[in-house]
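Contents: one structure, followed by commentary.
A short reminder: the numbers here are calculations on the coordinates, not readings from a lab. Just so we're clear, the structure is a prediction, and the values are computed from it rather than from any experiment. Neighbour counts run over all protein chains shown; Cβ positions are idealised from the backbone, glycine included.
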Amino acid sequence: MKSKSEIVEVQALPFAAGFNWSTGFQMQRFIEELANRKILGAKCPQCGYTYVPPRSRCGKCYAKIGEENLITLSGKGTLVGYTTAYVKLDGQGNFQDLEEPGIIGAIKLENADSTIFMPLEGIKPRDVTEGLKVEVQWREETKGELADIRCFKPA
Amino acid sequence: MRRNVAIIGCGQTKHTSKRRDVNIAEMVSEAVYNALEDAQVSLREVDAFVVGNMQGFGGIAQPEQWLGDSIGAPGKSVIRIATGGTTGGSVGQGAYYTVASGLHDVAVAVAWEKHSDSREAGATTGLLHVGLGNFFHAASYGLSLKNLVATSAVGAAAGVAVFQAVFYMHRSGCSIEHFDMVAAKARRNAAKNKYAHLQWPGCTPEDIARTEIIAYPFRYGHICPASDGASAIVVAEENLARKKARQPAWFKGLAAFSDEENSLQSENFGGVGVLDPSEQKGCWMSATKAYKMAGIKDPQKEIDVAEVYQPFPSQELIFAERLGLFDEGTAWMALEKGETDIDGRMPLDPSGGVNATNAIGSTALQRILECALQIMGKAEEHQVPRKVSNAVAHGWGGVTNYITVTVLGDSPGR
């Protein structure tokens, strides 16, 4: 039971508000190149640590990383950790059982030092192990969006 | 026992409407590395960071976590401060506390705003986020949201400042032409400051007077821009400051007060607070305390330059009086005589001030930074043509009620 004092209706605002974030020049290139089915990393010119997605300042040694330090990665990598999900959210705050469990993997791409988290398909949860070799699966039509990377599959 | 503390380096980004080439972390790091270079201090020597932008602006809830890697903060103390429009003033004072306490020897203060990350023009998106907190606050007084939006939130800081301006005009006898003069001076001064946003060499009061009134007594040409940019200072204890800087800018006195002019409880809604929105007692209290700490007895004689927080031109006049730089109701007369120009008797905002450059979270830190540049003799084209022994930096904001005052000098003063 709700008393009237607990209800504050929000209405009649004179404007709507949204955000329009700058991604920065390195991330901009990364997203654009996805359309060409290329994954870019940024290799620190000072310490060599390679970031995916790319960035403009090294978090290890704080050197500047420029556009000239972008490298193209092969799209192949190694699974370094994973989890298996059995439920998803239904959009109204409730859990829903998944028909098939979904695997989410932490993947270290060839020539990269940082990891990315992506869905892993084409393998049963009981067959997954750390060290599994995987490769990127693109969606049918790539448009230069993050969603161009559909998932990873065993290589 | 507090230690003597000085600013030994300053760094800024060029301010502009849109920095789409960088994200927030990258923009903030530009200012930090510029300041470190200016101070000739390496990241290894930095012990702590004090950071901040307007709460809710930029749409990033915890920007300090995102940008830590980019500014070299991992493994060090990071404090984020958010006190509305005063944020930068509080961030600068926070760096002072960090070092004066003896806890750390070198701290970097950095503040920023990136308005272009809002989809709507200017500060609209950010203000909604700040405003929402106040809407619910108002609901607790039984005010409907619709009425609140109609009376208070529309125009935001401008809505507050118009009332300050008309009250000040009424009691001081100044007129709208004086606001034209302040705005024109801000744009002319900004043209001499390579980091400033609205630069207009040779801008005249007549140029400003040709722009439309948007809310009396403010014309379009009176209003500050919404800028993207970041500012940083390097703050150090006495031994290091003397070693690193030829002329450090010493913190001599500082204070901050909230006054009763809370936008929800006083001038708009008949509360118990202030009836004259231009009274600004918090500024007077802060200045009095900061001058006492700095050993300044007569600010009209002892202050050489002031950076006053003036997103709206009326505020340069109102606050300059509250900072004790002019007698009550006379700042506009000094303006008429050119006394507040860069080469005048009491230069106000030689940098162009907030009226020309407004990356909200960093504006009050910029006032401290600009005073430091004047003392260090590094203000280049907008350097005031005299020896600067004492400078006063002011910040205004919060929910229009919070004030910071910081007095810097060419010696520690004790």
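Provide, for q = 0.11, 0.12, 0.13, 0.19 Å⁻¹, the log10 of I(q)/I(0) from a solvent-free Debye sum over equal Cα point scatterers in the stretch A:22-154.
Those come out to -0.45, -0.53, -0.62, -1.08, one per q.
Cysteines without a disulfide-compatible partner in chain A, using Cβ under 4.7 Å as the rule?
A:CYS151
Within a 10 angstrom radius of the beta carbon, how do B:PHE179, B:PHE163 rank from fewest other beta carbons to most?
Placing the least packed residue first, the sequence is B:PHE163, B:PHE179.
What size of dipole, in debye to the nearest 20, comes out for the stretch A:22-154 about its Cα centre when the only charges are +1 on Lys and Arg C-beta atoms and -1 on Asp and Glu C-beta atoms?
520 debye
With runs of 4+ DSSP H residues as the only contributors, calculate the mean residue ellipticity of chain B at 222 nm using -39,500 (n - 2.57) per run, divided by the residue total and rounded to the nearest 500.
-11500 deg cm²/dmol
Please list, in chain and number order, the residues 5+ apart from B:THR86 or on another chain whose amide H is under 5 Å from its amide H, with Hs placed from the backbone.
B:GLY397, B:GLY398
Using the membrane-span-like helix rule (whole DSSP H runs, Cα extent along the own axis of at least 27 Å, mean Kyte-Doolittle hydropathy at least 1.6), which helices of chain B qualify?
Within chain B not a single helix satisfies the rule.
Within the stretch A:124-151, what residues put their amide N at less than 16 Å from the label point 7 Å along the Cα-to-Cβ vector of A:SER74?
A:131-137
For the stretch B:309-414, compute the orientation-averaged projected area of the C-alpha convex hull (one quarter of its surface), in nm².
Across all orientations, the stretch B:309-414 yields a mean hull projection of 7.0 nm².
For the stretch A:49-58, in order, what is each residue's ³J(HN,Hα) by Karplus, 6.51 cos²θ - 1.76 cosθ + 1.60 with θ = phi - 60°, in whole Hz (x at glycine and Pro)?
4, 10, 9, 10, x, x, 8, 9, 9, 6
If neighbour count is taken as other Cβ atoms inside 10 Å, put A:LEU79, A:LEU98, B:LEU317, A:LEU70 in order from fewest to most.
Fewest-to-most Cβ neighbours within 10 Å comes out as A:LEU98, A:LEU70, A:LEU79, B:LEU317.
Of B:ALA359, A:GLY77, B:GLY221, which is farthest on the positive side of the dipole of the protein assembly as shown, counting Cα position, with +1 on Lys and Arg Cβ, -1 on Asp and Glu Cβ, and the Cα centre as origin?
Of B:ALA359, A:GLY77, B:GLY221, it is A:GLY77.
Toward the positive end of the charge dipole of chain B, about the Cα centre and with charges on Cβ (Lys, Arg +1; Asp, Glu -1), which of B:GLY126, B:SER286, B:ILE79 goes farthest?
With unit charges placed on the Cβ atoms, the residue in question is B:ILE79.
When the convex hull of the Cα atoms of chain B is projected onto a plane and the area is averaged over all directions, what value comes out in nm²?
Its average projected convex-hull area is 18.4 nm².
Relative to the longest principal Cα axis of chain A, at what angle does helix A:25-34 sit, 0 to 90 degrees, rounded to 10?
90 degrees
Determine by what factor the alpha-carbon radius of gyration of the stretch B:157-239 differs from 2.2 N^0.38 Å, reporting the quotient.
After normalising by residue count via 2.2 N^0.38 Å, the value is 1.36.
Excluding residues fewer than 8 places away in the same chain, name every one of the lysines whose C-alpha is closer than 18 Å to that of A:LYS60.
A:LYS43, A:LYS108, B:LYS76
Grab the Cα-Cα distance for B:GLU336 and B:GLU37, subtract it from 0.36 nm times how many residues apart they are, and report the gain in nm with one decimal.
Here the answer is 103.6 nm.
Please rank A:VAL136, A:VAL80, fewest neighbouring Cβ atoms within 10 Å first, as an exposure proxy.
A:VAL80, A:VAL136
Rounded to whole Hz and in sequence order, give me ³J(HN,Hα) for the stretch A:144-151 from the Karplus expression 6.51 cos²θ - 1.76 cosθ + 1.60, θ = phi - 60°, writing x for Gly and Pro.
x, 9, 4, 5, 4, 7, 7, 5
Would you calculate the volume per residue, in Å³, of the smallest convex hull containing every Cα atom of the protein assembly as shown?
With only Cα atoms used, the protein assembly as shown gives 186 Å³ per residue.
Rounded to the nearest Å, what's the spacing between the alpha carbon centres of the stretch A:130-155 and the stretch B:315-337? Just the number, please.
65 Å
Do any of A:LYS64/B:LYS378; B:LYS252/B:LYS378; A:LYS64/B:LYS194; B:LYS192/B:LYS281; B:LYS18/B:LYS192 go past 29 Å between their Cα atoms, and which?
B:LYS192/B:LYS281, as the Cα separations exceed 29 Å there.
Give the cross-link partners of A:LYS124 among the lysines, using a straight C-alpha distance below 16 Å as the criterion and excluding same-chain residues fewer than 8 apart.
Those lysines meeting the cut-off are A:LYS133, A:LYS153.
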